[in-house]
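Single-structure report; data block below.
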There are 2 protein chains.
Amino acid sequence: MHRRTFMVSAAATTAAAAAATFPKPAIAQNKRKWRMVTTWQKNLPGLGTGAQYFADQVTKCTGGRLSVELFAAGEIVPAFESIDAVKTGTVEMGHGCPYYWKGKAPAAEIVSNFPFGLTAQEYNAWYHFGGGEKLCDELYADAFGCKFFPCGNTGVQHPGWSRKEVNTLDDIKGLKVRMPGLGGEVMKRLGATVVNLPANEVTTALASGAIDWVEWNNPYGEASLGFWRHAKYYYTPGWHEPGTVLELFVNKKQWDSLEDDLKAIVQQCAFSANVVMLSEFQARSGPILDQFVNKHGVEIRRLNDEQITKLGETSAEVLNEITERDALAKKIFASMNKFRGEQKAYTTVAEGDFLHARSLNFSWPA
Amino acid sequence: MHRRTFMVSAAATTAAAAAATFPKPAIAQNKRKWRMVTTWQKNLPGLGTGAQYFADQVTKCTGGRLSVELFAAGEIVPAFESIDAVKTGTVEMGHGCPYYWKGKAPAAEIVSNFPFGLTAQEYNAWYHFGGGEKLCDELYADAFGCKFFPCGNTGVQHPGWSRKEVNTLDDIKGLKVRMPGLGGEVMKRLGATVVNLPANEVTTALASGAIDWVEWNNPYGEASLGFWRHAKYYYTPGWHEPGTVLELFVNKKQWDSLEDDLKAIVQQCAFSANVVMLSEFQARSGPILDQFVNKHGVEIRRLNDEQITKLGETSAEVLNEITERDALAKKIFASMNKFRGEQKAYTTVAEGDFLHARSLNFSWPA
């Protein structure tokens, strides 16, 4: 996924300074007003809109006893300072994506998901029935003084748009790739030149040939960026981010101060927003992919099994290195990876075989 | 899916008669006590436990202003009378599966999902962003005087356990199959002898060879039934029920009488239970499938493309006939089918290609 869509050009520093003058949360007449910072632009499709859905639902469910006001990236603090703003109690809660905090806690990158990891459905299963809740809470309490909830998922992301055909492992060598995170690290080890670029430069760089390949997220998130004008090949499979979780984090002291019914409401609204946000990515991406292909002439290409196998082995190396360096990352990876092992065959014969069946060519009502 | 696990042998008729003597819902001191009937046995794994989760969460979120007490099949009314009990106001709400009501409204079978239809993730996307909510509400208001919510999903089901190898289309002819619903109708048109059996007779019938093939739901739901003792072959893909939705239905007058915050809570808890229930089916099924294969020697077999294609074409015929007979079924099918068309290619290259990638053979951390 892109890590820069939230980088609003508005004067974030000014906003951060102004934050000190914002009114403190009021607990008057048993009414709380909480502020939620996000790593997204206001109403950014799928991400900003989903965070707003969550905030609105909490306000509705509590009849205003706990009203949540959303602040976009830069309005109170810059995107990347969201977790600190919640940790220190400047604001009560935040919405973002765990891997943004990997610099502060390596385990955060793992808890987001990892290459060849869990689908969105499996991630939820791990969180609710595979020990994930406890581990996520441990990480967020230790590293950020927060309570964690999964609150959205992008679904499987696409590994990239390419100007060039990538038919062999050799074709990856020297390829100029814009792909952040673990996926980018893996591509680098296969010989790609990995560059990082802010959102507003990516399309231009692709257009000029300064980069050959750009990874973003999925058709819905990519619709307005016009990559199809400059890159003809849209690659699958999404080996690098099979279902990136979005997060709600709540200042632990504020969380602990909530009455039990308010706690239950925040939790249920987060779980609800989880399915609603994934639904939006899914619903919008289908018709957009169709436009890419049937209106704009994009070719969907699949990396071949030899390429995927090499990407898999390299991902394993990268994951081993990260988890060797950090005990909590190791513990969380061990739990997610055990769960992955338990789910792999089942999901493949359930979801995978069904999708194969449905894609066969038979007459069907229009 | 089995339609009989809810058929509790306890004296349902007696219970129904006794229902008249149950206390009426109390609205005292602004507290409501609602009764929720279900089509499931108490704490039936995945289904009963999921319904209980929903009831408990509503009670918690409302701080007892709206407490929901769950009644299993037969405790107030028999399973199949749940929707009538809610329609007539005997109780306020119910939890079940839409296709149980197809005898009262053919569209209910379609709204459950249909062969070669939507995955759980796509169904949610249709409900939230594809016009599904409005159509489901229309059906439930017209036919049952209820408000509808999706509240759980089984995920992709498995088409069956077979004592016999089914390698060709001819092998389906004369096969004695226990498979209810549209799937069973399709198998019948391909020459199978389709029999309906209550839950307590299915394993015995399979053991004796009275039936050759039994469809139930998925590994988690099948774990305790011991089919593996009598049928060696576990077939995929789950063409017949790709993601069966479970439902919450609320008496429309009672629903309309709720304050806005209580409405919002019921809705959010239903959406939350939706993801939690699917998570339970997913989380538990993985390890159980592994036991079937690696402990009990079950062979996973895949129907071949010729068989699947024929099943697809026959499903299309069956769906056309149903929707020709009922205007609302036609309208709902049209909406779901249009959405299916929009999602098919996207889900296949996103989820499908990822599952292929993950199933390749490369070294991976243990």
Expected vector for the range A:314-327, Karplus 3J(HN,Hα) from phi with 6.51, -1.76, 1.60 and θ = phi - 60°, integer Hz, x for Gly and Pro, equals 5, 4, 4, 4, 4, 5, 4, 5, 4, 6, 5, 8, 9, 5
Non-local residues with an amide H under 5 Å from the amide H of residue B:195, with H modelled 1.01 Å from N and Pro and chain starts lacking one, are B:177, B:178, B:179
Tilt, helix B:48-61 to longest principal axis of chain B (alpha-carbon atoms), in degrees rounded to tens, equals 30 degrees
Residue by residue through the range A:111-117, the couplings from Karplus 6.51 cos²θ - 1.76 cosθ + 1.60 with θ = phi - 60°, in Hz, x for Gly and Pro, are 5, 5, 2, 8, x, 6, x
To the nearest 10 degrees, the tilt of helix B:132-144 (Cα long axis) against the first principal axis of the alpha carbons of chain B is 70 degrees
The long-range amide H neighbours of residue A:160, using H built 1.01 Å from N in the peptide plane and a cut-off of under 5 Å, are A:235
For chain B the mean separation of alpha carbon contacts under 8 Å (6+ apart) over residue count, i.e. relative contact order in percent, is 22 percent
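Relative contact order (percent) for the range B:63-217, with alpha-carbon contacts under 8 angstrom and 6 or more residues of separation? All intermediate terms of the calculation are to be shown ahead of the outcome.
Details: 147 pairs, mean separation 27.4, N = 155.
Reported as a whole number, the value is 18 percent.
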Karplus-derived 3J(HN,Hα) from phi for the range A:77-87 (6.51 cos²θ - 1.76 cosθ + 1.60, θ = phi - 60°), whole Hz, x at Gly and Pro, runs 9, x, 3, 6, 9, 4, 5, 5, 4, 7, 4
For residue B:32, other-chain or 5+-apart residues with amide H closer than 5 Å (H placed, Pro excluded) are B:66, B:67
Filtered hits (lysines, Cα-Cα < 23 Å from residue A:232, offset >= 8 within chain) -> A:164, A:173, A:176, A:188, A:295, B:344
Ranked by GNM mean-square fluctuation in chain A (Cα springs under 10 Å), the top entry among A:326, A:260, A:137 is A:260
Mean per-residue count of partner chain Cβ within 10 Å for B:286-293 equals 4
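We did not get these values from a lab; they are worked out from the coordinates using the rules stated. Because the structure is predicted, anything quoted here is derived from the model rather than measured. No Cβ is skipped: glycine too gets one built from the backbone with ideal geometry, and neighbour counts run over all protein chains shown.
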